[in-house]
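Okay, structure first, notes after.
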Amino acid sequence: MSDRALLILGPLIEEWDGGLRSGDPLDFPGYAAQIADLPNESVRTGRTASAVVIEGDFSVLGGSMGVVHGEQVVRAYDRAIDARLPVVALTRSGGARMQEGMVSLIQMQRTAAAATRHRDAGLLSIAVHLSPTTGGVFASYGSLCDLQVAEAGATIGFAGPRVVSQTVGESVEGRSHSAETALAAHLIDSVVEPDNVRRWVEGALGTRPAPLVVRPRPSSGPEPTDTGAWGEVLRARHRGRPTGIDLAAVLCSSWTELSEGSDPSLRVGLATVDGNRAVVVASDRYAGAGRPTPAGFALVQRGVQLAGRLGLPVVTLVDLPGADPSSAAENAGIAREIARTFASFAALPTVCVCVCVGEGGSGGALALAAGDRLLVQRHAIFSVIGPEGAAAILHRDANLAAEVAGPLRLTSVDLLDLGIADEVIGETASDVQAAVRSALASAKPGDRLRRADRVSGMWLRR
């Protein structure tokens, strides 16, 4: 392994397959002489104490993936399956090796299948895209890893910029093919400076704490003193009240963001909760309008599916007035993505604990709260529709919201009485920590549907 790989991943226990060498399947002019004296091939594989490592070597024929590169990657993934280890792939490649023709190209198929076997075995994979990462490596195992990070300024893309320029006459400068444009397009999860790659990888593997840091929330004044259901609505919405992401920062000792920036109102992280790995979904009602978009719900689906594959629990921290109702969200499929989010939670084979920490607004919030345990903070609310919307429908006047809040039975006590909530919990972060710990220990997959069926049965008239 290179010094760079050892710096990022620590010492190797063993290195594999360094003696494999390629033949010359095309009898390509000059190729046999090129490969005759290679000290190593364009990839190196081995393992550390915590992961199997795949490292591309750009100094060898531009890091191109020929038959040996493909074979080493396939063997590395299969050894990782046997050892029940995650894979960390440090990619740096110019693509498939043209001197080996189709024998090279089919390595895309083989390495993609190997990565899929590893994924189906319930194991984590991480790609670290170094510069450049292009072509067959990027379009096979490099893009199939569960988590993907790129070094700042790295060139990454399918066809290399020179190929694009000289074959289709398009300049990609500032438009694509960089770590930054890939992040903006949500093709990768994060961009980090070279000195921070090791910290990011260790946080993703869970071998080193990587705290979630959020900015302080400004308070708009004292907490409301209104009584009744409307008073609870005002308390739940009180500016300065901790929202989901604030409580996630307390709950999680480690946090690796999935698809950073895709929808700031919904954050999803591969995290460590009470010493155990979990996927955490957290609302941020202070990000813009606080209303999740279709992209946000799609991100949640990705997180839930990742948890299911890895056998991890899911924790959601819910606080939102509802999903984005705009025309743009409608045309992007907001209803479809909410439905798919419900389906993802229904199919989750592991435990899910949901906490309403502020406002649960309609179906957009329930899609994040369809777990095996639903905990509600004392001054949180959950409703079929916001009081303003209900007043607009019932009385044609949203200003009558305070009058309809009570009949909606949206307070924590109401939710417990109706059987919707499993428990009303305290208002402090420590209350949330204790309640989540207890719920994760006692809940069973499938409780989410049993509770919903039980409540429905209570109100069926016979």
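The values are calculated or read from the model by the stated rules, or taken from the named source; none is laboratory data. Just so you know, these numbers come straight off a predicted model, no measurement behind them. For neighbour counting, all protein chains shown are included, and Cβ atoms are generated from backbone atoms with ideal geometry for every residue, glycine included. Just so you know, the surface numbers come from the protein's heavy atoms only, side chains and all, with ligands and any DNA or RNA stripped out. Shrake-Rupley method; radii C 1.70, N 1.55, O 1.52, S 1.80 Å.
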- Could you give the spread of the C-alpha atoms of segment 2-86 along their three principal axes, from largest to smallest, in whole angstroms? 43, 26, 17
- Query: Within a Cβ distance under 12 Å of residue 82, other residues only, what is the Lys/Arg minus Asp/Glu net charge?
  - Reply: +4
- Convert each backbone phi in segment 245-259 into a coupling constant with the Karplus relation 6.51 cos²θ - 1.76 cosθ + 1.60 (shift: θ = phi - 60°), then list the ³J(HN,Hα) values in order as whole Hz, x for Gly and Pro. 5, 5, 6, 4, 4, 7, 6, 9, 7, 8, 8, 10, 5, 8, 6
- Would you please put 376-389, 430-443 in order of how densely packed they are, using the mean number of other Cβ atoms within 10 angstrom per residue and starting with the highest? 376-389, 430-443
- Note on the structure: Here the equivalent ellipsoid of segment 135-241, derived from its Cα gyration tensor, has semi-axes (largest first, whole Å) of 44, 19, 13
- Given Cβ charges of +1 for Lys and Arg and -1 for Asp and Glu, the option among 384, 418, 323 whose Cα lies farthest towards the positive end of the dipole of segment 311-462 is 418
- 5 angstrom amide H check on residue 65, placed H, neighbours 5+ away: 95, 96, 97
- Anisotropy class of segment 179-222 from Cα gyration tensor, a/c 1.5 cut: oblate
- Any chance you could check the Cα centroid distance between segment 68-108 and segment 14-46 for me, in angstrom? 13 Å
- Query: How large is the accessible surface per residue of segment 1-160, computed with a 1.4 Å probe and reported in Å² as a whole number?
  - Reply: 38 Å²
- Note on the structure: Helix-only [θ] at 222 nm, the chain, -39500 (n - 2.57) per DSSP H run of 4+, per residue, nearest 500, equals -11500 deg cm²/dmol
- Message: Skipping prolines and chain starts, which residues have an amide H placed within reach, meaning under 5 Å, of the one on residue 254, given they are 5 or more residues away or on another chain?
- Response: 210, 272
- Task: Keeping all protein chains in position, work out how much accessible area residue 409 exposes to a 1.4 Å probe, and write it in Å² to the nearest 10.
- Result: 90 Å²
- Over the Cα atoms of segment 23-138, what is the Rg over Rh ratio if Rh follows Kirkwood? 0.98
- Among 102-115, 135-148, what's the highest-first ranking by average C-beta atoms within 10 angstrom per residue? 135-148, 102-115
- Task: Tally up the carbon and sulfur contribution to the accessible surface of the chain as a whole percent, 1.4 Å probe, everything protein left in place.
- Result: 55 percent
- Item | Of (i) 46, 28, 22; (ii) 48, 40, 22; (iii) 49, 22, 19, the label for semi-axes √(5λ) of the Cα gyration tensor in Å derived from the coordinates | (iii)
- The alpha-carbon center of segment 214-280 and that of segment 341-357 are separated, in whole Å, by 18 Å
- Interchain or long-range residues, amide H under 5 Å from residue 24's placed H: none
- Item | J(HN,Hα) series, segment 296-301, from Karplus relation 6.51 cos²θ - 1.76 cosθ + 1.60, nearest Hz, glycine and proline x | x, 5, 4, 5, 4, 4
- Message: Just to check I understand the Karplus step: with θ = phi - 60° and J = 6.51 cos²θ - 1.76 cosθ + 1.60, what whole-Hz values come out for segment 107-114, glycine and proline as x?
- Response: 5, 4, 4, 5, 6, 5, 5, 5
- Note on the structure: Stokes-Einstein, Kirkwood over Cα pairs, segment 77-141, 10 °C, 1.306 mPa s; D in µm²/s equals 128 µm²/s
